[in-house]
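Enquirer: Have a look at the structure that comes next, please.
Read the figures in this text as sums done on the coordinates, not as results from a lab. The structure displayed is predicted, hence computed values, not measured ones. Because the Cβ atoms are built from the backbone with ideal geometry, glycine has one as well, and the counts that use them run over all protein chains shown.
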């Protein structure tokens, strides 16, 4: 873990402390909040409004710290200007215009049928070359955070699981860990290894899906079919253990909602062990030449799938077929407290902050670090051909369910 910069340490040491788990909440003065916005060497992983003040998650490698200040929208505006990627989900209104001779626009979105996601993409082109790419969201606002408020963590867990289907476990796990931290719940030792295995299997499936979409767009139908079949086999095997192909609603605050069928684990492990040989084709020259312009991102996705499959196997291998004598679910204490949790997703951690009042959710915020990939996609778009951009977007665009909470 990298040590935080000295000036950041000095600033945080002056902050008032409020109890929270696993890290206390640092409450900054408005002036220190303004100073934080100008500092270098850290990222702001999330930013949200909680009642009359603003909260954020300061991130440096795996060091995560919640901070807060008073100031409402003015404090949010200050941080958004210092961290432009944070404004991604708040983009509304007209698209910026790219001027120049011969530049024209193409719109892609759910209305036109080109993009299935609730998103509109505007490309500025000069000939076949992309000059600018912009995205707008807000086509499927669901009010999930409003639905979560006022409920018990157990009742609200179903909403977190439905933020994005491809990362149902990751969002559920971050939500559950935040609730457990806020309530001080102590879980049986067997729960976390099983949760970790589920999250790793989910990341493997998500990487396989991205690679399959790339294979389809690059006219490699047999490879795409192989990857889709492998993804389907993993989902079918997971359903036999966790009662749902997406393992949805199994990870809840307090543990695992339903006793898993551990006797079916060997089948899932065997399928996950076939991921590495199935992806060896991506190293073959006849395949590699089809996406030569995406060599590094493709290699990243391949190794993400392989490492996630191996991590899932290692976690699941701890469990035998015999029923466990320990409980899979414990009750959360009905107390007041605050805490945050995180869980690994395919493109970065998922974070959740929760404040409980007498066992019910007073406030909750959920953030997905993977959404920064959209800003990265936009910044690398100029100079690409339209086909090259579409291929890159197919491989690297993260699930955007998080944006329209």
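Enquirer: What would the Debye equation give as log₁₀ I(q)/I(0) for the range 353-405 at q = 0.16, 0.29 Å⁻¹, counting only Cα atoms as equal point scatterers?
Expert: -0.59, -1.09
Enquirer: To continue, here is another question. Please report 353, 291, 63 as a ranked list, fewest other C-beta atoms within 10 angstrom at the top and most at the bottom.
Expert: 63, 291, 353
Enquirer: A follow-up question, please. Which residue fluctuates the most in the chain, going by a Gaussian network model with Cα springs under 10 Å, if the choices are 356, 36, 214?
Expert: For the chain, modelled as a Gaussian network with Cα springs under 10 Å, the answer is 36.
Enquirer: Okay, moving on. Most exposed first by the Cβ proxy, i.e. fewest other Cβ within 10 Å, how do 351, 42 rank?
Expert: Least crowded to most crowded, the residues run 42, 351.
Enquirer: Full extension from residue 147 to residue 261: what is 0.36 nm times the residue separation minus their Cα-Cα distance, to one decimal in nm?
Expert: Fully extending the segment from residue 147 to residue 261 adds 37.9 nm.
Enquirer: May I pose another question? Each label point is 7 Å from the Cα along the Cα-to-Cβ direction; what then is the distance between the points at residue 330 and residue 10, in nm?
Expert: If labels sit at residue 330 and residue 10, their model points lie 4.3 nm apart.
Enquirer: Rounded to the nearest 0.05, what FRET efficiency is calculated for residue 158 and residue 81 with R0 set to 35 Å and r the Cβ-Cβ distance?
Expert: For R0 = 35 Å, the calculated efficiency reads 0.45.
Enquirer: Quick check on the chain: helices-only [θ] at 222 nm, where DSSP H runs of length 4 and up contribute -39,500 (n - 2.57) each and the sum goes over total residues. Nearest 500, please.
Expert: -12500 deg cm²/dmol, from helical runs alone.
Enquirer: Obtain the nm distance between the two label points defined at residue 357 and residue 43 by a simple spin-label model: each point lies 7 Å from its Cα along the Cα-to-C-beta direction.
Expert: Label-label distance for residue 357 and residue 43, simple model: 3.4 nm.
Enquirer: Two-decimal Rg/Rh of the range 6-82 from alpha-carbon positions, Kirkwood Rh?
Expert: Dividing the radius of gyration by the Kirkwood radius yields 0.91.
Enquirer: Then there is this: Which residue fluctuates most in the GNM of the chain (Cα springs below 10 Å): 255, 337, 383?
Expert: Greatest mean-square fluctuation among the candidates belongs to 383.
Enquirer: Going out from 0 in 10 Å bins, what whole percent of all Cα-Cα distances in the chain drops into each bin?
Expert: Cα pair-distance distribution for the chain, in percent: 5, 21, 29, 27, 15, 4, 0, 0.
Enquirer: Of the residues 395, 57, 300, which exhibits the maximal mean-square fluctuation in a Gaussian network model of the chain defined by a 10 Å Cα contact cut-off?
Expert: 300
Enquirer: Could you compute the FRET efficiency for residue 63 and residue 295, with r as their C-beta to C-beta distance and R0 at 22 Å, rounded to 0.05?
Expert: The pair residue 63/residue 295 has a calculated efficiency of 0.10.
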